[in-house]
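Novice: A single structure is presented below for examination.
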Amino acid sequence: MKAVTWQGRRKIEVATVPDPQLVDPTDAVIEVTTTGLCGSDLHLYEVLGPFLDAGDILGHEPMGVVAEVGSEVRELKAGDRVVVPFNVSCGTCFMCERGLHSQCETTQVREHGSGASLFGYTKLYGQVPGGQAEYLRVPFADTLPIRVPEGPPDERFVYLSDVLPTAWQAVVYADVPPGGSVAVLGLGPIGDMCTRVAAHRGAGRVIGIDLVPERLARAAGHGVQVFDLSEYGDQLVDAVRGATGGRGPDAVIDAVGMEAHGGSAVKALQTATGLLPDAMASALMKKAGVDRLGALELAIELVRRGGTISLAGVYGGAADPLPLLTMFDKQIQLRMGQANVRRWVDDLMPLVTDGDPLGVEGFATHHLSLDDAPRAYADFQKKRDSMVKVLFHP
Ligand SMILES: NC(=O)c1ccc[n+]([C@@H]2O[C@H](COP(=O)([O-])OP(=O)(O)OC[C@H]3O[C@@H](n4cnc5c(N)ncnc54)[C@H](O)[C@@H]3O)[C@@H](O)[C@H]2O)c1
Ligand SMILES: [Zn+2]
Ligand SMILES: [Zn+2]
């Protein structure tokens, strides 16, 4: 089959690889019909390189049709239409039963001290072959895939794999009071969807901050009050306070993560790790940390005293100091984590089956074939061609 593979830093190749096979009797193999490109893939493209091997299959936002199921699978059969969550979660362990699927104890990668395995996401997360491919092996076929109805197009459902539950969890964790204010940092696919979910769940004022003109315009187009970071610079915090009664927003969602613009000296370290042998580089990255905390620091400054910060953006390293003095003094509530995809399905399903209140149809800016992946990764990273969300159709 054809698959999108990582071959080195900023080197993506579409390769022909062996088709995935059923391994356990509880597995399914699905034929992928639509599969997303995510901001999280950009971390693999660039900074997380030391944790990948050449040939690793990328992607964690797939949906498709069941091609084959193992002998013990009861709930799923060939021909069923399914979306696959990005966490590989068993659905039955202590953590899964508590809705913490990103901590699944059956698939935790203990060797690296990591939570649940993820599709297409480095050795830290189990080096599981990903979903930017024609076929995908899916374990826990009775409990992991999300069955969706026939009829509406794939783009109605595909975001159940990541974008929707991630945005939903980020907004739930942000704990915006009814009618209250929330600022979303970053208006990529995740931040954009956070603004929609926040408005849908009753936030009174939704603010969006980014520095890419098309992304700001897109959010403004659905009622978000936008601030261009590159325009306001040092005045941004004052401007946002001005829009929120002088105090700052009740909640701030960081939907940027470690690709933040305006990073610090660690950027040099990051570049250096790209030049080191993998073993050295991965040790250095895990211990010394490569976080670029620009967005998180901004979130801490922006949020009103006693407010909540919800971190959806993914951060890497471990050693960057946080402004703990200010965090404590402001009595900030900080919540974070990979989305527990499976947990939010019951909340989200009505929003993609009874009409389309969040506007998932038309959310993607680019529909491409797998062969276009190398160019799509490059354009998405550079935010060229007004690209916000790419869906590949294998
Ligand atoms: N928690 C989860 O489960 C989960 C799931 C999916 C994605 N993510 C993470 O969410 C983040 C966003 O994903 P995405 O797909 O939207 O990616 P993206 O890279 O397209 O979006 C990031 C946006 O942030 C903007 N930005 C950069 N620096 C900024 C700053 N200092 N202030 C404000 N905006 C800034 C960029 O211009 C860009 O539009 C990534 O870190 C990704 O890894 C987390
Ligand atoms: Zn994703
Ligand atoms: Zn589990």
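Novice: Taking the Cα centre of the chain as the origin, how large is its charge dipole in debye, to the nearest 20, when only Lys and Arg (+1) and Asp and Glu (-1) carry charge on their Cβ atoms?
Specialist: 920
Novice: What is the order of Cys194, Cys90, fewest Cβ neighbours within 10 Å to most?
Specialist: Cys90, Cys194
Novice: Something else about it: Tell me the angle of helix 278-288 to the major Cα principal axis of the chain, expressed in degrees between 0 and 90 and rounded to the nearest ten.
Specialist: 40
Novice: Whole-Hz Karplus ³J(HN,Hα) for the stretch 42-59, in order, using 6.51 cos²θ - 1.76 cosθ + 1.60 and θ = phi - 60°, x for Gly and Pro?
Specialist: So the Karplus estimates, Gly and Pro as x, are 5, 5, 6, 4, 10, 7, 8, x, x, 9, 10, 10, 4, x, 4, 8, 8, x Hz.
Novice: Under the rule of -39500 (n - 2.57) per DSSP H run of 4 or more residues, summed and divided by the residues of the chain, what mean residue ellipticity at 222 nm is obtained, to the nearest 500 deg cm²/dmol?
Specialist: One gets -7500 deg cm²/dmol as the mean residue ellipticity at 222 nm.
Novice: Related question: Once phi is turned into ³J(HN,Hα) by the Karplus curve 6.51 cos²θ - 1.76 cosθ + 1.60 with θ = phi - 60°, what whole-Hz value does each residue of the stretch 306-314 show in order, with x for glycine and proline?
Specialist: Karplus values, whole Hz, x for Gly and Pro: x, x, 10, 10, 10, 9, 9, x, 8.
Novice: Using mean Cβ contacts within 10 Å as the protection proxy, how do 178-191, 220-233 order, highest first?
Specialist: 178-191, 220-233
Novice: Could you work out which residue, out of Cys93, Cys104, Cys38, moves most in a Gaussian network model of the chain, that is, has the largest mean-square fluctuation with Cα springs under 10 Å?
Specialist: With Cα springs under 10 Å in the chain, the top fluctuation among Cys93, Cys104, Cys38 is at Cys93.
Novice: With an 8 Å cut-off on Cα pairs and a minimum separation of 6 or more residues, tell me the relative contact order of the chain in percent.
Specialist: Relative contact order for the chain comes out at 18 percent.
Novice: Let me know the shape class of the chain, please: from the alpha-carbon gyration tensor, a ≥ b ≥ c as square roots of the eigenvalues, rounded when a/c is under 1.5, otherwise prolate if a/b is greater than b/c, or oblate.
Specialist: Cα axes put the chain in the prolate bin.
Novice: In whole Hz, what ³J(HN,Hα) sequence does the stretch 177-191 give by Karplus (6.51, -1.76, 1.60; θ = phi - 60°), x for Gly and Pro?
Specialist: x, x, x, x, 10, 9, 10, 10, 8, x, 10, x, x, 5, x
Novice: Here is a follow-up. Can you put Asp385, Asp192, Asp346 in order of Cβ neighbours within 10 angstrom, beginning with the fewest?
Specialist: Fewest-to-most Cβ neighbours within 10 Å comes out as Asp346, Asp385, Asp192.
Novice: Is the stretch 21-142 best put as rounded, prolate or oblate by its Cα gyration tensor, with a ≥ b ≥ c the root eigenvalues, rounded for a/c under 1.5, and otherwise prolate when a/b is larger than b/c, oblate when not?
Specialist: The shape class here is oblate.
Novice: I want to verify a result. In a Gaussian network model of the chain, Cα cutoff 10 Å, which of these has the top mean-square fluctuation: Glu97, Glu68, Glu301?
Specialist: Checking each option, the largest mean-square fluctuation is seen for Glu97.
Rule-based calculations on the coordinates, nothing more; no lab input. Since the model is a prediction, treat every value here as computed from it, not as a measurement. Note that we place each Cβ from the backbone using ideal geometry, even for glycine, and neighbour counts take in every protein chain shown.
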